[in-house]
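The values are calculated or read from the model by the stated rules, or taken from the named source; none is laboratory data. Bear in mind that the values here come from a model prediction, so they are computed numbers and not experimental data. Don't worry about glycine lacking a Cβ; one is built from the backbone with ideal geometry, like all the others, and counts go over all protein chains shown. Surface accessibility is based on the protein's heavy atoms, side chains included, excluding ligands, DNA and RNA. Shrake-Rupley method; radii C 1.70, N 1.55, O 1.52, S 1.80 Å.
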Amino acid sequence: MSAPRHSARPRVRTAPPADDPPRWRDPAASRPGQTVWQFISLWILGGCVPLVLTGMARGFKLGGTGTTVATAALLTVAVLVFLGLLVLLVRATPVVTPLGSTPARRLLWALLVASVGALTWLAGRAVADAHGLAFRHDGRLTVFLGGALIIPVAAVLARGWWLRTPAALVLVALAGAGLLAFRDNGPSDGDLRVARFNALPVEAWVVDVPGYRRQRQTFGLGEGGDEYTAAGSGRRIHLIASPVDGSCPPSRCEEPADTGRPRLASGGAGPTAVVRHGAVYLELAADRAVDGRLLVTALDNARPASEAELLASLPEAPGTGFPEHARSWLRRHT
């Protein structure tokens, strides 16, 4: 049996084609390289575009039909340009997201990034307003931090759970913080109802008169104030709350001190008791048959109205829009 023959020619390894370099030599063609490029580009766009759109929207404050139409047209063009830039960006970085393969998917990616990115920007602004963060008045910080809010949106649409999972958590946390900030910003429901009477919430006080029944309750703020009647008699008492914007309370020019202690006022048709609580005068005026000491006791036990009492007694303010209804719903359910 003969031994196997070995060729004397050395084995030659085939080199890769010159026109197909290893991927690590071309970062722009790799997924990590395109991911970095896409996120940095979005950071810049997401920081600058909201400022541009906000500046254009100020044209609506100028008034006039021509100005309003021109402003709306400029905003439409700016939004379309922004969407076009997003489409070009995802076309240049197709390996980052599954939505980068076809024109329809690219347009869908651009719409999702623009719309959800706008929501994240609004949520971030609501949080900044709620906590009084001063960086909103610094243009560079606004661009830097505002642009960062759009990156988690693109990361959720990217390939790889290691990008999608933390990005989704960030968006959920931001959405929760934004909703809480939106809920707590602005006047409360009770404040809006008090403002219907051109009054401040600190002017709404509850006064209970022993032995008398309240016929209507506006905390003394409505026209004619609140009226109390005694059962089985025609005796009446009226409560009037008025702001401290003059030299004396409504019916007396003897201004009481801001001590929170009521006193009887003289010279009226019947007994009258007056007390000052900060920025509001509370005045109880009664018929002649009513004991003045009862009025003093009632004012001495006066207390600020609670939010629940304002909502139960005062009608809804006219002209309340969707934001206030949404804020009210959040306050009731969160």
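Here's the yes/no breakdown for (1) assigned to a helix (DSSP H, G or I); (2) modelled with pLDDT of 90 or more; (3) more than 17 Å from the chain's Cα centre (by Cα); (4) surrounded by fewer than 18 Cβ atoms within 10 Å (Cβ to Cβ):
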| site | (1), (2), (3), (4) |
| --- | --- |
| Leu111 | yes, yes, yes, yes |
| Thr120 | yes, yes, no, no |
| Gly132 | no, no, no, yes |
| Leu141 | yes, no, yes, yes |
| Phe144 | yes, no, yes, yes |
| Ala155 | yes, yes, yes, no |
| Ala168 | yes, yes, yes, yes |
| Val172 | yes, yes, no, yes |
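Considering the conditions (1) buried (at least 19 other Cβ atoms within 10 Å of the Cβ); (2) more than 24 Å from Leu86 (Cβ to Cβ); (3) not aromatic (Phe, Trp, Tyr), Asp208 is excluded by exactly one of them, (1). All told, Arg236 meets the bar of being among the charged types (D, E, K, R), more than 30 Å from Pro323 (Cβ to Cβ) and open to solvent by 50 Å² or more (accessible area, probe 1.4 Å). Condition first: crowded, with 19+ Cβ neighbours inside 10 Å and either charged (D, E, K, R) or not in a helix (DSSP H, G or I) (or both). Can you find one or more residues in the range 88-96 that meet it? Yes, that holds for at least one residue. Among the residues of the range 266-308, those identified as under 25 Å from Gly232 (Cα atoms), among the β-branched types (Val, Ile, Thr) and surrounded by 21 or more Cβ atoms within 10 Å (Cβ to Cβ) are Thr272, Val290.
In this structure, Arg214 does not satisfy being out of contact with any Phe, Trp or Tyr (no Cβ under 6 Å at 6 or more places or on another chain), of a type in the set (Lys, Arg) and over 25 Å from Val36 (Cβ atoms). For the range 7-14, the count of residues that are modelled with pLDDT of 80 or more and open to solvent by 50 Å² or more (accessible area, probe 1.4 Å) is zero.
Only residues that are under 27 Å from Leu107 (Cβ atoms) and among the small types (Gly, Ala, Ser) were counted in the range 57-88, giving 5.
Whenever a residue of the range 179-193 is modelled with pLDDT of 85 or more, its partners that are surrounded by 18 or more Cβ atoms within 10 Å (Cβ to Cβ) and not in a helix (DSSP H, G or I), lying with C-beta atoms within less than 7 angstrom and at least six residues away or across chains, give the pairs Arg193/Leu314. Checked against (1) open to solvent by 40 Å² or more (accessible area, probe 1.4 Å); (2) closer than 20 Å to Val113 by Cβ, Met56 passes all but condition (2). Within the range 94-112, residues that are more than 17 Å from Val79 (Cβ to Cβ) have Cβ atoms under 9 Å from residues that are among the basic types (Lys, Arg) and not in a helix (DSSP H, G or I) in these pairs: Val95/Arg159; Val96/Arg159; Thr97/Arg159; Pro98/Arg159, counting only partners at least 6 apart in sequence or on another chain.
A count restricted to the range 174-188 and to residues that are more than 10 Å from Ala126 (Cα to Cα) and either open to solvent by 60 Å² or more (accessible area, probe 1.4 Å) or outside any helix (DSSP H, G or I) (or both) stands at 3.
Only one entry of Thr102, Thr76, Thr54 meets the criterion of being farther than 28 Å from Arg164 by Cβ, of a type outside the set (A, V, I, L, M, F, W, C) and at pLDDT 90 or above, and that entry is Thr76. The set of residues in the range 309-327 being closer than 27 Å to Val207 by Cα and touching a residue at least 24 places away in the same chain (Cβ under 8 Å) consists of Glu309, Leu310, Leu311, Ser313, Leu314, Pro315, Glu316, Ala317, Pro318. With respect to the conditions (1) open to solvent by 70 Å² or more (accessible area, probe 1.4 Å); (2) among the aromatic types (Phe, Trp, Tyr); (3) touching a residue at least 40 places away in the same chain (Cβ under 8 Å), Trp162 falls short on a single one, namely (3).
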